[in-house]
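The values are calculated or read from the model by the stated rules, or taken from the named source; none is laboratory data. Since we're looking at a predicted model, the values are computed, not measured. Cβ atoms come from the backbone with ideal geometry, glycine included; neighbour counts cover every protein chain shown.
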Amino acid sequence: MEENITIEFVKEWIDKHNLTKDSFDRIMNDLIYNSGHNYIDNPSLRYWLIDNTYKFRDMLPVELNSDQQVVLEMLKEETIDRGNPYAGIYWLLEDDEYPNMSNKEFYQVLAAFAEWGLSHAEE
């Protein structure tokens, strides 16, 4: 009997195994060679991952380094304190003391901030 896999189930599975965007290639390789039984022990989940590869990739969080994590936490704090995300972004652009990041690292922080914001956005 095939189980109906929900987005919430997949998100919990990602959290349970501490998966990140860096895990994507390994998970896909495990699916191809049917060797992912350590992570993918549910046949219905296997089929869902195969059928929803791009959706799965987009669900995986970015793994941030310590400097990126500091900036992300400051963005969250400013957003919460001031009640809107614009304040956090404004702080980031105006503050000269945040760690120097490459463009890719900056985009990763913004992606993580967007994921956090979407999960905390008022409906």
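Per-structure values
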{"item": "Breaking point among (1) modelled with pLDDT of 85 or more; (2) outside any helix (DSSP H, G or I); (3) not small (Gly, Ala, Ser), for residue 122", "result": "(1)"}
{"item": "Checking residue 90 against (1) closer than 27 Å to residue 10 by Cα; (2) outside the structural domain of residue 13 (by TED's automatic domain parsing); (3) aromatic (Phe, Trp, Tyr), the condition it does not meet", "result": "(1)"}
{"item": "Count of residues meeting criterion [more than 15 Å from residue 14 (Cβ to Cβ) and free of Cβ contacts under 8 Å to residues at least 12 places away in the same chain] in region 55-87", "result": "11"}
{"item": "Per-region count, region 46-104, residues at pLDDT below 90, touching a Lys or Arg at 6+ places or on another chain (Cβ under 9 Å) and not in a helix (DSSP H, G or I)", "result": "3"}
{"item": "Subset of region 78-93 [farther than 24 Å from residue 21 by Cβ and of a type outside the set (A, V, I, L, M)]", "result": "78, 81, 82, 83, 84, 86, 90, 91"}
{"item": "Of all residues making up region 85-112, the number that are loosely packed, with under 12 Cβ neighbours inside 10 Å and farther than 19 Å from residue 66 by Cβ", "result": "4"}
